[in-house]
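Written out below as structure tokens is the structure these notes cover.
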């Protein structure tokens, strides 16, 4: 009887101290050499990223490919209790302006199963033109510690001028990836520019990603993902698809992370880091895994 009671108490303690898996998306706003050389900015970035088990970083602008490597190296020094790795996209963009998507993740908690750079449309004899300014970067992860074991992240940073068109086309992306990898466990995340002057109430009705009930928008229109006090826009979003993903999310966990307030920064200091707040959501931990492996 005493052994059973002890196991129960220890099991409850393990479950209480083990957190859910936190997934983030952060537009770091022109992240290149200049920002990487600013020690104060990098210090804040390390604090932000170390909160996340997995983070999609956007607007990486570094033709030499050195800033992310340095950032992840510093992150491993900053948080020695975890091991961080990264996966980066091609340099994407029309003409001379290029950006990269980068997934930074804890390799002691997550495994990359496969990844896919969404292709540019070729037209195939039609009048179809390119929809995305920066094509989505898609990665499939395996997570043994969560109820949802396998999921696909579709990272996207839309162009403000064509935001609604690109958001609508993400519906097609989901369908193609679902068929390609035979899974419905998908999450779209990133700076979709899905707010304020870039979207309209009338236009939303024609956006399939918005009108189709199988998609759940976890960051609502009323939330603010901008650093500037004079703006209140829900540019950055997390959209989930698939019943397993919906049921695997911790209710109420999806929200912007106000690092300006948390780290007691002035608006000017926060804007040195980015003009966006990260958005985040938690996945429920697997109790069976925790009890079996932690005891």
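Over 24 Å from residue 111 (Cα atoms), over 23 Å from the mean Cα position of the chain (by Cα) and either modelled with pLDDT under 95 or surrounded by 15 or more Cβ atoms within 10 Å (Cβ to Cβ) (or both), is that true of residue 1?
yes
With respect to residue 174, is the statement that it is touching a residue at least 40 places away in the same chain (Cβ under 8 Å), under 21 Å from residue 119 (Cβ atoms) and touching a strand residue (DSSP E or B) at 6+ places or on another chain (Cβ under 8 Å) true?
Yes.
Keeping to the range 77-109, report how many residues are more than 21 Å from residue 119 (Cα to Cα), loosely packed, with under 15 Cβ neighbours inside 10 Å and in contact with a strand residue (DSSP E or B) (Cβ under 8 Å, 6 or more places away or on another chain).
Within the range 77-109, residues that are more than 21 Å from residue 119 (Cα to Cα), loosely packed, with under 15 Cβ neighbours inside 10 Å and in contact with a strand residue (DSSP E or B) (Cβ under 8 Å, 6 or more places away or on another chain) number 2.
Run down 216, 210 and say which single residue is within 24 Å of residue 286 (Cβ to Cβ), touching a helix residue (DSSP H, G or I) at 6+ places or on another chain (Cβ under 6 Å) and free of Cβ contacts under 8 Å to residues at least 60 places away in the same chain.
Result of the check over 216, 210: 216.
Kindly check whether there is at least one residue in the range 43-62 that is more than 18 Å from the chain's Cα centre (by Cα), modelled with pLDDT under 95 and either surrounded by fewer than 14 Cβ atoms within 10 Å (Cβ to Cβ) or closer than 23 Å to residue 134 by Cα (or both).
Taking every residue of the range 43-62 in turn, at least one turns out to be more than 18 Å from the chain's Cα centre (by Cα), modelled with pLDDT under 95 and either surrounded by fewer than 14 Cβ atoms within 10 Å (Cβ to Cβ) or closer than 23 Å to residue 134 by Cα (or both).
Would you mind telling me which numbered condition in (1) outside any strand (DSSP E or B); (2) closer than 15 Å to residue 158 by Cα; (3) under 19 Å from the mean Cα position of the chain (by Cα) residue 90 fails?
(2)
Among what's in the range 246-271 and is touching a strand residue (DSSP E or B) at 6+ places or on another chain (Cβ under 6 Å) and in a helix (DSSP H, G or I), pick the residue that is surrounded by the most Cβ atoms within 10 Å (Cβ to Cβ).
248
With respect to residue 29, is the statement that it is touching a residue at least 12 places away in the same chain (Cβ under 8 Å), crowded, with 16+ Cβ neighbours inside 10 Å and touching a strand residue (DSSP E or B) at 6+ places or on another chain (Cβ under 8 Å) true?
yes
The values are calculated or read from the model by the stated rules, or taken from the named source; none is laboratory data. The structure displayed is predicted, hence computed values, not measured ones. A quick note on method: Cβ atoms are made from the backbone with ideal geometry, for glycine too, and the neighbour counts reach across all protein chains shown.
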